[in-house]
Each structure stands twice: as C-alpha cells, then as structure tokens.
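Student: Here it is: the structure, laid out below.
The values are calculated or read from the model by the stated rules, or taken from the named source; none is laboratory data. The structure displayed is predicted, hence computed values, not measured ones. As a convention, Cβ positions derive from the backbone with ideal geometry for all residues, glycine included, and neighbour counts pool all protein chains shown. We work out accessible area using only protein heavy atoms, side chains counted, and drop any ligands, DNA or RNA first. Shrake-Rupley method; radii C 1.70, N 1.55, O 1.52, S 1.80 Å.
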Amino acid sequence: MARLVMKFGGTSVANIERIRNVARHVKREVEAGYEVAVVVSAMSGKTNELVAWCKESSALYDPREYDAVVASGEQVTSGLLAITLQSMGLKARSWQGWQIPISTDEAHGSARIQEIDGTALNAGFAAGEVAVIAGFQGMHLPTGRITTLGRGGSDTSAVAVAAAIGAERCDIYTDVDGVYTTDPRVVPKAKRLDRIAFEEMLEMASLGAKVLQVRSVELAMVHQVRTFVRSSFEDPDAPHMGTVESAGTLICDEEEIVANQMEARVVTGIAFSKDEAQVSIRRVEDKPGVAAAVFVPLADAHINVDMIVQNVSADGRTTDITFTVPTADYERAKDVLNKARDTITFETIEGATDVTKVSVIGIGMRSHAGVAADAFKALAAKGINIRAITTSEIKISILIDAAYTELAVRTLHSLYGLDK
Ligand code: ADP
Ligand code: ASP
Ligand code: MG
C-alpha cells in the first residue's frame, strides 16, 4: 500500500476543535487507501511557554532538561490526536520519538536525526493503525536522553519519517495554503507558487522564510522526498483536497519546474530576516592574516558569520571590516573581538542590531545578468541605504535598516513582477 506522511503545525492543532479538523484530513487519506503517519507539533504558543519556563527557572539551564521540558508539547498533541482518531472509528496510536526510536546526535536543543528505525511503525501499518508521531523530538540512544531538533523541527521529523518509511509524499499542513513569493503576512499581494525547486526553497528557508525548517528541505532534497506545503484550514472534504496539484506548493527538482513552465522566471521569491546584527571593526591594521585573526576566534566561539565586507584600504595601513552575526550572538561577538586585541590592532568596534537582511532568490538568476543592479536602483529610488551585500549563483542578500524592511520587500516584490 502507498504511504503518506501528514504533518500539522502548531496553529493546526491549537485546540480540540482544530485537532478534530486534523483528524478529518487524516480520515480522508486513510479512506483514499493510504497507510498514514501523522507528525504533529505542539499547540501554538506552547513551545514558547515551555522555553520561557526553562529560562525563568534558571538563566543557565541544563540543555538536557530543557529538551525534557520542551518535548512535552508534542507528547500532548500526539496523544490527543490519537484519541480523536479513535473516536472517529480509526485505529491509531501515538509514538514518542524515543519509542520509534528516532535516534539523534547529542546536540541538545538542535539535535540532528541520525536514523529512524521503521520496524515498529511498519508493524503498526500492518495492523491497520495510523501512526501519530510527536514531532520535534528524538533520543540520543547512548545516553538515553530525549533530544529536540531546534525550533520548527517538526517539519524535519516529518520529512525524515517520510524518507524512512518510503512515503509517496510528505504533506506539510500549515496556516497558509503553500509557499508564497514572499511572506503573505507582510505583502498581501504575494502569490502562491505551484512549484518551487529544492534549492530555491533551501535558500528561502535559510534566508528567513520560516514556513519550513531549513534542515527539512535539506533532507527532502537529499532523499528526494516530494514535499507538499498546504493548508489545514481548508475543508477536509472539499473535492480538490484529494487532488494534490491544485491545493498547495510542491517542492521538487528543478527539471520538474522547467518542464511545467511556459516561460522561465528569473526571480522566484523574496525572503527577509530580522535576526541579523552588524558588526564593524574600524581602522583595522591592514596586513596579511588580519581576516584570520578576526574570524578564527569567532569560529572558535561557534559564532556563525554571514555577510562579510572588507574595504580596500586607502592609506595601505588600515581598513574597515564589516560582517553580520545572528542577533543572539551580537554581544558575544563583540566580546570575543575585544578579548583578541593582542592579535588584532583596531580603533573601535561599532555595530547595529536594528538591521534586516532582505534576499532575492531564483534559479533563473544563473542565466540572467543585471538582477542585482536592478535591485540596487530600485532601493536607491526609495531612499533605502545599503549596508552590506552578498551574492551567490541563485541569490542576492542586502543588509538594510530594519525600519525599511516592509518597504524594501514590497519594492523588490513588484520590481521582479511577483505581484502579477
Ligand atoms: P506551522 O506552525 O504550521 O509550522 P509556521 O508559522 O512555522 O507554521 O509557518 C507558516 C508561516 O510561515 C506562515 O503563516 C507565514 O507567515 C510564514 N511565511 C514566511 N515566509 C513565507 C512564504 N514565503 N510563504 C508562505 N509562508 C511564509
Ligand atoms: N513545537 C516546536 C516549535 O515551536 C516544533 C515545531 O512546531 O515544528 O518550534
Ligand atoms: Mg513551522
């Protein structure tokens, strides 16, 4: 029998009424003949509450106990959905990460899945049972401790389960009916994409579009899992819900997109992230080895550096280096550099946390010149100053003042014809 993974996010399981609605979606697919594994998130707001309780208990909490606490949100919803499915006459049971088991590494709070043993799940399918799996959680087998996969991690649980059980598709049900050209909450004119390439989705997700966890897209790409983003808020029994193509966004190979498109698009979407901070080191001594002296200590402190701009020095002696780090690491980054003053000579460290990185993404950019120049011109016309720029084959990222985020995103969205 064909298998299907259905994942439901926080707003989709926010209360018992919503869980009943989820159960109807599941029932539809069971009746269509699928063996179904459902992956659920915690009720919306629950994980935030649990995280806040950990922080309130102690600023320096034990990450193993943090995982024990935050994994509980998904335990509740998996049990509640199993009860609801049973009440609708379906066979169902809940599975915690450790019961399957979903084995992960020991990086508590952001663990990576290493393996999923499908044996127990297969036995359940053979008995005609729907598997209701708690997302977001796994277990580090050698220590026997519960782990969690990082915020938004249920997406990753779902794709990993789909790969492990050989599911025909992984449906990610959320509060929007697909992946849009940009966050529809910010740009009402954003359009739903029928298809998006794995690589583009990977960029969108890692550059700020939180509709899917980055790791889930990586896994989908590596294991070739057909991943479909769709809404749980539509009527579960609407006729088009069973016919996939009309109801959401398929994340798939580039070839499939090219084959389904009349005219190649240059830009697919715009993403943005406010989780960036800018650090500028002024009048750094300009000599070989200075970049290493700055960035090695940051790497040693596990601080992820993203955009880097180094000026060519005018006097041949000093220069400025600007880079970005996640907002959460901003103070630590400055601290690390100040402590490295015996190996780096500089005048001051300046910085800003009220900045946003806006990114333009599209595989079509590979074969089109002038995409970046157009963006710079359009932003200049709106009086938006650019602090830093990075580019790759399929994306351009621009750092600007946070106050201009919405204006910049809307401007770029219409510039590339995404409003139409
Ligand atoms: P869930 O709780 O179901 O996992 P999330 O809140 O994690 O849902 O993800 C869905 C949200 O992602 C949407 O409500 C939307 O605001 C946001 N989002 C950001 N960028 C995009 C985009 N390009 N397309 C669709 N949704 C996006
Ligand atoms: N509940 C977890 C979170 O909010 C995981 C998820 O929803 O994907 O981050
Ligand atoms: Mg999510």
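Student: What residues qualify as long-range amide H neighbours of residue 388, i.e. H under 5 Å apart, gap of 5 or more or another chain, H built at 1.01 Å from N?
Tutor: 399
Student: Report the label-to-label distance for residue 107 and residue 16 in nanometres (one decimal), using points 7 Å from each Cα along the Cα→Cβ vector.
Tutor: Here the answer is 4.0 nm between the modelled labels.
Student: Continuing with the same structure: How much area per residue is accessible in the range 267-420 when the probe is 1.4 Å and only protein heavy atoms are counted (Å²)?
Tutor: Accessible area per residue, the range 267-420: 48 Å².
Student: Using only Cα atoms, figure out Rg for the range 221-366 and give it as a multiple of 2.2 N^0.38 Å.
Tutor: Normalised Rg, Cα atoms only: 1.55.
Student: Cβ under 14 Å from residue 343's Cβ, residue 343 left aside: what net charge do those residues give with Lys, Arg +1 and Asp, Glu -1?
Tutor: That works out to 0.
Student: Extension gain residue 185-residue 238, at 0.36 nm per residue separation less the Cα-Cα distance, in nm?
Tutor: Extending this stretch completely gives an extra 16.6 nm.
Student: Here are some pairs, 210/377; 189/420; 7/210; which of them have Cα atoms lying more than 18 Å apart in this structure?
Tutor: Over 18 Å Cα-Cα: 210/377.
Student: Assuming a viscosity of 0.890 mPa s and a temperature of 25 °C, what translational diffusion coefficient in µm² per second does Stokes-Einstein assign to the range 120-222, Rh being the Kirkwood radius over Cα pairs?
Tutor: Roughly 160 µm²/s, to the nearest whole number.
Student: Leaving ligands, DNA and RNA out of it, report the carbon-plus-sulfur percent of the accessible area of the range 1-75 at a 1.4 Å probe.
Tutor: 51
Student: Carbon-plus-sulfur fraction of the accessible area of the range 114-192, 1.4 Å probe, in percent?
Tutor: After summing per-atom areas, the C and S share lands at 50 percent.
Student: Still on this structure, I have one more. Given a 1.4 angstrom probe, I'd like the percentage of the accessible area of the range 321-417 that is carbon and sulfur, rounded to a whole number.
Tutor: On the range 321-417, the fraction of accessible area on carbon and sulfur atoms equals 49 percent.
Student: In addition: Please report the net charge: other residues with Cβ closer than 14 Å to the Cβ of residue 62, K and R +1, D and E -1.
Tutor: Summing Lys and Arg as +1 and Asp and Glu as -1 gives 0.
Student: Using only the heavy atoms of the protein chains and a 1.4 Å probe, how would 332, 265, 151 rank by accessible area, largest first?
Tutor: Sorted descending by solvent-accessible area, the residues read 151, 332, 265.
Student: Restricting to DSSP H runs of at least four residues, report the calculated mean residue ellipticity at 222 nm for the chain, -39500 (n - 2.57) per run over all residues, nearest 500 deg cm²/dmol.
Tutor: So the calculated ellipticity at 222 nm is -10000 deg cm²/dmol.
Student: What does a probe at residue 287 reach in the range 346-363, counting residues whose amide N is under 20 Å from the point 7 Å along Cα→Cβ?
Tutor: The answer is 346-349.
Student: Using every Cα-Cα pair within the chain, state what percent have a distance larger than 37 Å.
Tutor: Above the 37 Å cut-off, the chain has 30 percent of its Cα pairs.
Student: Assuming R0 = 45 Å, what is the FRET efficiency of residue 373 and residue 253, from their Cβ-Cβ distance, to the nearest 0.05?
Tutor: 0.90
Student: Relative contact order of the range 267-420: what whole-number percent is it, with Cα pairs under 8 angstrom and at least 6 residues apart?
Tutor: 32
Student: Please report, for the Cα atoms of the range 58-192, the Rg to one decimal and the Dmax as a whole number; what are they, in angstrom?
Tutor: Calculated on Cα positions, Rg and Dmax stand at 16.6, 50 Å.
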